[in-house]
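All remarks here apply to the structure that follows.
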Amino acid sequence: MSKQELAIVEAARAGHDEAFAQTKTWGRINSGSRNLEGLAKVAGELATAFAALPGDIEMVEPAPVTAVDASGREIALDHGKHLHLTVRPDAPVQLLFTGHMDTVFPVDHPFQELKWLEDGKILNGPGITDMKGGIAVMLAALKALEASPLAERFGYEVVINSDEEIGSPSSQPLLRAAAAGKRAAFTYEPSALPDGTLAGARAGSGNYSITLHGKSAHAGRNPRDGRNALVAAADLALRLKAEMDDTLTVNPAKIDGGGPNNVVPDLAILRVNFRCTTLEDQARAEQLVARHVEAIAQAHEVTFHVHGGFGRPPKPMTPPMEELFGLVKKAGADLDLEIGWKATGGVCDGNNIAATGVPVVDTMGVRGGAIHSPDEFLIVESIGERAALSALSIARLITS
């Protein structure tokens, strides 16, 4: 490493204590994706912390989002605001850094407290790894760069959204706009494994709510006059599931609808998720939905409405992506960190960033594990470690 790089790395490591304190402060605030009050509170804390960076911070209103409820109605969903910071938009090198402030733990979930699993080393708490610790790592790395002579050579945007854990439906327009024209992006999800392994290629994910309308009738007097929407939904679930293969996962997850035993049900809503690794399989899934829904409508004499789609497209390992991963791997080697990566079926905002053509490493956050469970844990030493990895990687992006 050069003297300049060494200074940047040491500055990032020196931010460990402050970053850990921030992680604990943010972790004590419940910010489940639907807890708008908690999201607003943690957003205020984040805005104060990120004000240490130059540039303009704004809280962006969520884009409109709808869903289908259990009665088949399309309803509006409320989301929290998203933090957006823009720094030196005219600089020659432009980068994107993203994270999310929401967690999977709602305000009434029993998992709300922080506790030591191993004093000073491993901390248990809701969202501290996924990803409040990651946000603190991002900030520590950027502060180290801002204190260096490289600062004026790069500009960047930071997006910290409030809805990543539920698919980022209200922040996708902001993410796409922020990604435009960027050389590369880092997202601060936790490492794929506690040893620091990164997530490489990611599967895509599509979620559908398919509403089927039949015709009610008395189950005893004139059942043949009815058109059973529940049976149609079950038939559709089976037909879609039968299309699953090694590259396309189909998971019919829930059917809403039905009613009293003596009434032929005239309404059912099938909820189904698809996972795939290529855009070709995504297109195949979309075609399967269209084809089978039409067939079911004819076979059961029902009408339908399809809501949803692929909110997270597949993220393959393209050559630009491999180059960026190689840069991070080399930075890790210079810090005595062994950095590898593996494909995963999980999805995140990295999928959407990659879909814009911008290479992204989306697991630059802390090391830990058991995320999305009450056993979630943070390996505390990884805060300074990953801040140094980010800072050195960013420095080399600027000078490459």
For the chain, the helices passing both cut-offs (Cα extent along own axis of 15 Å or more, Kyte-Doolittle mean at least 0.5, full DSSP H runs) are 36-50, 133-146, 229-241, 382-399
Quotient of Cα radius of gyration and Kirkwood radius for the range 196-313, i.e. Rg/Rh, equals 1.09
Using eta = 0.890 mPa s and T = 25 °C, Stokes-Einstein with Kirkwood Rh from Cα pairs puts D for the range 241-386, in µm² s⁻¹, at 129 µm²/s
Highest GNM mean-square fluctuation among 36, 198, 288, for the chain with Cα springs under 10 Å, belongs to 288
A correct Kirkwood calculation over the Cα atoms of the range 242-297 returns a hydrodynamic radius in Å of 13.0 Å
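Taking all protein chains as present, what is the carbon and sulfur share of the accessible area of the range 274-400, in % to the nearest whole number, probe 1.4 Å?
About 55 percent, which is the carbon plus sulfur part of the accessible surface.
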Summing -39500 (n - 2.57) over every DSSP H run of at least 4 in the chain, dividing by its residue total and rounding to the nearest 500, the 222 nm mean residue ellipticity is -11000 deg cm²/dmol
Taking every C-alpha to C-alpha distance in the range 55-163 and binning by 5 Å from 0, the per-bin percentages run 2, 9, 14, 16, 15, 14, 11, 9, 6, 2, 1, 0
With the convex hull built on the alpha-carbon atoms of the range 143-224, volume per residue in Å³ sits at 213 Å³
Stokes-Einstein D for the range 66-115 (10 °C, 1.306 mPa s, Kirkwood Rh from Cα pairs), in µm²/s, comes to 101 µm²/s
Sorted on mean Cβ neighbours within 10 Å (highest first), peptides 60-66, 99-105, 325-331 come out as 99-105, 325-331, 60-66
For residue 254, counting only lysines whose alpha-carbon sits under 19 Å away and dropping same-chain residues fewer than eight positions off, the answer is 241
Square roots of five times the C-alpha gyration tensor eigenvalues of the chain, ordered largest first and given in whole Å, equal 44, 22, 18
Going through 115/315; 132/342; 132/182; 143/330 one by one, the pairs whose alpha carbons sit over 31 Å apart turn out to be 115/315
Within the range 34-67, the residues whose backbone N lies under 20 Å from a label point placed 7 Å from the Cα of residue 21 along the Cα-to-Cβ direction are 42-54
Highest mean packing first, using Cβ neighbours within 10 angstrom, the peptides 70-82, 350-362 sort as 350-362, 70-82
Taking only C-alpha positions in the range 10-52, Rg and Dmax in angstrom work out to 12.0, 39
Distance in nm between residue 218 and residue 113 label points, each 7 Å along Cα→Cβ, equals 6.0 nm
The chain: antiparallel bridges as % of DSSP beta bridges, rounded to 5, reads 75 percent
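Mean shadow of the range 263-327, computed from the convex hull of its alpha carbons, in nm²?
Numbers: hull surface 22.9 nm².
The directionally averaged projection comes out at 5.7 nm².
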accessible surface per residue for the chain, probe 1.4 Å, DNA/RNA/ligands not counted, whole Å² -> 42 Å²
Protection proxy (average C-beta count within 10 Å per residue), highest first, orders 337-347, 206-216, 127-137 as 127-137, 206-216, 337-347
Of the candidates 260, 92, 278, the farthest towards the positive dipole end of the chain (Lys/Arg Cβ +1, Asp/Glu Cβ -1, centred on the Cα centre) is 260
Restricted to the range 1-108, the DSSP antiparallel beta bridge percent, nearest 5, is 90 percent
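The values are calculated or read from the model by the stated rules, or taken from the named source; none is laboratory data. Quantities reported herein were computed from a predicted structural model and do not represent experimental measurements. No Cβ is skipped: glycine too gets one built from the backbone with ideal geometry, and neighbour counts run over all protein chains shown. To get the accessible areas, we keep the full protein, side chains included, count just its heavy atoms, and leave off ligands, DNA and RNA. Shrake-Rupley method; radii C 1.70, N 1.55, O 1.52, S 1.80 Å.
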